[in-house]
Amino acid sequence: MTNFLSLADVSDLDALIQSGRDAKASPFANQHLGKNKTIGLIFFNSSLRTRLSTQKAAQNLGLNVMTMNVGQDSWGLEMEEGVFMNGDKAEHVREAAAVIGRYCDIIGIRAFAELKDREKDYKEQVMHQFAKYANVPIVNLESATRHPLQSLADCITIEEAKAQSGIKRPKVVLTWLPHFKPLPQAVANSFSEWMNARANSGDVDFVITHPEGYELAPEFVGNAKVIYNQDEAFEGADFIYGKNWSSYTQYGQVLTQDPSWAVTMDDIRRSNNGKFMHCLPVRRNLKVADEVLDSPHSLVIEQAANREWSAQAVLKEILQGM
Ligand code: SN0
């Protein structure tokens, strides 16, 4: 693996999931791999889990870690080519990426969708500009359209829960949740992309449910079954994966805040004794009831804990290829 931008960079998904589980069982087994090497973690947006879990994973592998918040700690970065730079951005990505690439052996980048211009967001300009000019491997720490480290942690979490329950081919339901703010589609896109791959290999059945107008881009929906009635979608569900996203078709818009889409214990009862998953941060009661988050049905803390092992599996594979 050179870059880790999406599922397309993964050659063997089963092996990567297993590598994460191995790291969890034996965190320091590969400490030699990162010795005298440095990873830079570059954030254009806020982070709690991604920042700490990736730093922890890197340290487990013996890497040195540097972190920077772009625009707060550093100069604002211009991403467009050929611009006359008399605006608010003091530095161009051509220099910034090249310079950071001289200090770092791997660069992780977080850059959310701006949710103004769909074509621009879905071009993944920030990731591609860094990949082009940094000359070192790039790791996606949530981009405009995807959050693959989260999706890998979600796969690990589902495999662990499957091993516990003995359910061979669980029904996994991605549900839209209400929110008053427009949020990116990245987590939902990525989860769908990875679950479709898991469905293709017979590891899960995958269903998506959301109000009309919240259809994800067709390349992410893939072969998933889309059901507009949430109660119907939850019937027999072994995993309920909640996430809010803004509209893709009416790009970046909040079309409804219908509170009946929030997940409650009634929804869990409708499912097959289902587990609740969310990438966090989650706004309690707006999106999911306290009684769900505080019940044994919730996997959210385990999912967040598994972020360390998903990052470690990816960094290990990149280091092995260097
Ligand atoms: C981000 C998102 O992509 O939806 C990060 C998720 C890992 N979430 C938010 O921005 C939540 C913001 C809020 O105010 O609830």
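Odds and ends about this structure:
- Where strands (runs of 3 or more DSSP E) sit wholly within the stretch 178-257, those with at least 1 residues that are within 16 Å of the ligand (Cβ to nearest atom) occupy 239-243.
- Any hit, the stretch 72-89, residues being touching a Gly at 6+ places or on another chain (Cβ under 9 Å) and crowded, with 19+ Cβ neighbours inside 10 Å: yes
- Of residues in the stretch 40-62 being farther than 25 Å from Glu302 by Cβ and either without any contact (Cβ under 8 Å) to a residue 24 or more places away in the chain or of a type in the set (A, V, I, L, M, F, W, C) (or both), the one nearest to the ligand (Cβ to nearest atom): Phe44
- Filtering the stretch 144-158 to residues that are among the hydrophobic types (A, V, I, L, M, F, W, C) and over 20 Å from Asp121 (Cα atoms) leaves Leu152, Ala153, Cys155, Ile156, Ile158.
- In summary, helices (runs of 4 or more DSSP H) completely within the stretch 1-109 and bearing 3 or more residues that are over 22 Å from Gln125 (Cα atoms) and among the charged types (D, E, K, R) occur at 13-25.
Just so you know, all these numbers are worked out from the coordinates, no wet-lab data involved. It should be emphasised that the depicted structure is a prediction, and the values quoted were computed from it without experimental measurement. Don't worry about glycine lacking a Cβ; one is built from the backbone with ideal geometry, like all the others, and counts go over all protein chains shown.
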